[in-house]
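Please treat every number below as a calculation from the coordinates, not as lab data. A quick note: this is a predicted structure, and the numbers were derived from the prediction, not measured. Neighbour counts are summed over all protein chains in view; Cβ atoms, including those assigned to glycine, are modelled from backbone coordinates with ideal geometry.
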Amino acid sequence: MYRFFRLSCTLAAVALTLTQCTQDLTNEISVGESANNASATKIINTSHNATDGSLLIKLSEEGTAAFEAVSRSSEVTRSNIEELNEILLGINATAIERVFPINVKTEDEARKAGLNRWYVVYFDKSQSLDEAAKRLAEVKEIEMVEFNSRVDFEAPKALNVDSESLPTTRLVAPTFNDPWASKQWDLHNVGGQNHFVAGMDINVHEAWKYTTGDPSVVVAVIDQGVDYTHEDLAANMWVNEDEIPNNGIDDDQNGYVDDVHGYNFVDDGPITWHKYYPNTTGDRNHKYGDSGHGTHVAGTIAAVNNNGIGINGIAGGDGTKNSGVRIMSAQIFSGVNTNTNTQGIANAFRYAADNGAAIANCSWGINPSSSHNDSWYAGNIGLQYESMEYYRKKSGHPNLKNNIIICAAGNESFEQAGYPAAYRFNIAVTSTGPDGLPAYYTNYGKGCNIAAPGGDQSYGYSAGIYSTVTPGMYGNSSGYVWNQGTSMACPHVVGVAALGLSYAKKIGRVMTSDEFMAEILLSVTDINSDLANYASGKYFGKMGTGRIDAFLMLMNIAGTTCIPVQRGVKNYQIDMTPYMADGETNLTLIDMEISEADMKRLGMNSKPRLMSIKNVIAVTCENTGSAIVKVKMVGGGDTAGSTNNVGGITITKEFALVVRDKFTDNGGWL
């Protein structure tokens, strides 16, 4: 079962389901014949809930050349392949089209990746899908036949909550002037409420001292449509500068008309975010359909900061024109339109790749199964897999050599992530609540890579993630609601990654995708020390590398060493020897400088002081947080040289102090 990873049933609980057979598809390829039959093995999945009247086929290189020799149009059902012509006639085919439209700028790349070999065959809906697949598989020029798996919706269950009247989750001066940032415990958690624990956030306020997001970084939200008119998102939407809005012309010849902020791959047209159908449950007078899922995800990543409106976005800039990353809406879900299918998802990845998105947010996936693995994924979800690989191998930013994909791990409480999250080249995100512990619904275990706040509304509405939706949705006028799910955890990691890439541009670092993903997965604080005795230890070692930390991400990008400090320990001793030239004792520590503002924020009543033990310094920090310190050392002696004394050279190096309640022996990150 494909699904949008489920939001809470207590608020905005929209489970958008791209339904496919949940059984192991690996052995269901025979369509009534022996799996040893060569034609039967070409059929890679099942017809369960597939789109009627269409099938996906992948032609051989020879077959593609023969097919392309015929002048194409949407009505053409003939080719230079006689056997195929006979079958097309037999199944009453009405059209054959390339799955991926021609983009004049990237056609050569697409052909090298073999994307031009994928076609969709349309035929009468009364025709049996299984029979049509069986007959098409007999054509020797066809390498693969795939059922066009369809998306279905479950009716959402949302309470009529006036989110403006609910309490804030912290009472501290905000970094920016956005009035409802106080509801975002996920960005800055100071505790003070039941199940809210100080420091269980992504530590982004410290990261904003270095970057708030660069507009050259484009994030593709592959999801429901993003409300690009939302007052807290509009300024940070990606704009296709080569397309003239609303003129009905494909100005940039990329195969899509009027794709200014992205494209709707479900309805083959403009992005939508408010398609509803009448409520039939009788519980309240509301319409169901689009849930605001894509808009909610986008707000977490890049709601506009410091605009005096709404909330903070992780990489939402500082309110100036040239700040904040850009959101591209690659829409694969639309209201209750059941035409959403594998074909649409594949086109979304291709579009994101061709239009400069460096990071993709995928808060959806296939329900996990213990029988699923990467071979199963490549072999049974072929078109989606190939388009995803095309996206990964492209580069959407000059400081990142290949694109990355970050996915929600899933909300089935299953001991494995769903696909595509579990795919070994993607990052799968698990979910935590305001206490920093695994949310009750999160998947965990195999294929899960990193943890982030996704909310846990078993503790109440405000324990969810507060972000943007279309105003008027869910019965309130604010345009903001709390939701929960790994769908909400995923954009936290995406936002931190977008900040990291923005900072890499600022300092001139160029990374491969492997290097960048390593920095993401290593930019974490410890979670395992809290899990050994939690829920009988079932989550221990299974939530990923740790909890994502934005400040650590930027420090890792810059190569700045982080030093852990335990909160509340008087005269906590830091032995600087391991951090000084790989432990070289010929360096002598003489001072550690920290600003008064940072001292106050970390709860330091006195400056760091040297101990009698060489290179050991004592600090007392009463608050969690992070700060940059300057450490002064002498190289070549115990004292610094001066006019009258021969001595060593004074060296100054920056380190980052990271204050936490507890951490592992390696400092709480890997």
Given R₀ = 56 Å, what would the calculated FRET efficiency be for E61 paired with K209, taking r from the Cβ atoms and rounding to 0.05? 0.55
Among the Cα-Cα pairs of region 337-434, the proportion with separation greater than 22 Å, in percent, is 30 percent
Simple spin-label estimate for L610/N571, 7 Å along Cα→Cβ, in nm, reads 1.7 nm
For I649 and T41, extending 7 Å from Cα along the Cα-Cβ vector and measuring point to point gives, in nm, a value of 6.6 nm
Sorted largest first, the Cα spans of region 77-148 on the principal axes come out in Å as 38, 24, 20
Between region 409-476 and region 194-272, the alpha-carbon center distance in angstrom: 21 Å
Would you please give the FRET efficiency between K506 and V239, computed as 1/(1 + (r/R0)^6) with r the Cβ-Cβ distance and R0 = 30 Å, to the nearest 0.05? 0.85
Where does each of 377-386, 238-247, 415-424 land if you order them by average Cβ count within 10 Å, highest first? 415-424, 377-386, 238-247
Could you give the semi-axes, largest first, of the ellipsoid that matches region 462-539, computed as the square roots of 5 times the alpha carbon gyration tensor eigenvalues and rounded to whole Å? 29, 25, 9
Residues of type aspartates and glutamates that K394 reaches as a straight line, Cα spacing below 12 Å, ignoring anything fewer than 8 places off in the same chain: E109, D354
Return the lysines within reach of K134: Cα separation strictly under 20 angstrom, same-chain partners fewer than 8 residues apart disregarded; answer none if there are no such residues. K42, K58, K125
Could you pull out the pairs from K446/K662; K506/K607; K209/K505; K209/K600 whose alpha carbons sit more than 20 Å apart here? K446/K662; K506/K607
Can you run phi through the Karplus equation (6.51, -1.76, 1.60; θ = phi - 60°) for region 514-525 and list ³J(HN,Hα) in whole Hz, with x for Gly and Pro? 4, 5, 5, 5, 5, 4, 4, 6, 9, 8, 9, 9
Once R0 is set to 45 Å, what does the formula 1/(1 + (r/R0)^6) return for the Cβ-Cβ distance between D251 and N533, expressed as a FRET efficiency to the nearest 0.05? 0.15
What does the highest-first list of 529-539, 449-459 look like by mean Cβ count within 10 Å? 449-459, 529-539
The long-range amide H neighbours of M328, using H built 1.01 Å from N in the peptide plane and a cut-off of under 5 Å, are V219, A220, V221, W238
Quick one: Karplus J couplings for region 185-201, per residue in order, coefficients 6.51, -1.76, 1.60, θ = phi - 60°, nearest Hz, x for Gly and Pro? 4, 5, 9, 7, 10, 10, x, x, 10, 4, 6, 9, 10, 4, x, 7, 9
Shape call for region 560-660 from the C-alpha gyration tensor, a ≥ b ≥ c root eigenvalues: rounded (a/c under 1.5), prolate (a/b greater than b/c) or oblate? prolate
Inter-label distance for S595 and V70, nm, one decimal - labels placed 7 Å from Cα along Cα-to-Cβ: 6.9 nm
When averaged across all projection directions, what area in nm² does the alpha-carbon convex hull of region 452-606 cover? 14.2 nm²
At each listed q (0.11, 0.12, 0.22 Å⁻¹), what is the log10 of I(q)/I(0) that the Debye formula gives for region 398-514 modelled as equal alpha-carbon point scatterers? -0.43, -0.50, -1.10
